[in-house]
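Report on one structure; see the data block that follows.
Each value in this text was obtained by applying a stated rule to the coordinates, not by laboratory testing. Everything numeric here is computed off the predicted structure, so don't read it as measured data. As a convention, Cβ positions derive from the backbone with ideal geometry for all residues, glycine included, and neighbour counts pool all protein chains shown.
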Amino acid sequence: MTSRKHLTMGTLRRDGSPRISGTEVEFADGELRIGSMPRAVKAMDLRRDPRVAIHGPTNDPPAKNPAGWKGEAKVAGTAREVDSGSDAHRFLIDITEVVITRLNDAGNRLVVESWNPGRGYRAMERE
């Protein structure tokens with residue numbers, strides 16, 4: 001989630017339709033944090049409905065080594081606004097799901113690792 005600066009975040013608009021926004025994340029003191037400019041639409045979305053999904057950056061596989069794809073990470077949860085000390089918005093994300101998708105060591109199968117608080121950790125491979 002921190003291999004690049006910009007990530008993609010999904011929130012819900014007032015009418016329930018999805019909104020995709022860019023965001024930056026911070027991992028500090030065991031917490032996942034995001035910020036937003038004052039009155040940004042993504043912040044207003046989270047104030048109204050705190051459900052959020054964040055997709056980490058992914059790179060294309062090397063042209064001469066398709067099996068060299070590093071994978072991707074996704075996090076879902078609920079956002080809780082905390083005092084930022086300014087007009088900007090600051091949210092802590094209470095994580096309810098984590099998914100990491102990558103290739104196995106041989107590069108011929110997809111590995112999906114996931115975690116949620118009810119089920120715990122699970123890994124599976126797919127062709």
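Data for the structure
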{"read-out": "Net charge contributed by nearby residues that have their C-beta within less than 9 Å of Leu32 (K/R +1, D/E -1)", "value": "-2"}
{"read-out": "Helical mean residue ellipticity (222 nm; -39500 (n - 2.57) per DSSP H run of 4+; nearest 500) of the chain", "value": "-1500 deg cm²/dmol"}
{"read-out": "Relative contact order, percent, the chain [alpha-carbon distance under 8 Å, six or more residues apart]", "value": "19"}
{"read-out": "Gyration tensor (alpha-carbon) shape descriptor, segment 7-126, a/c threshold 1.5", "value": "prolate"}
{"read-out": "About the Cα centre, charge dipole magnitude for the chain (Lys/Arg +1, Asp/Glu -1 at Cβ), debye", "value": "320"}
{"read-out": "In segment 54-109, trypsin sites (Lys or Arg not before Pro) in a DSSP loop with at most 11 other beta-carbon atoms within 10 Å", "value": "Lys64"}
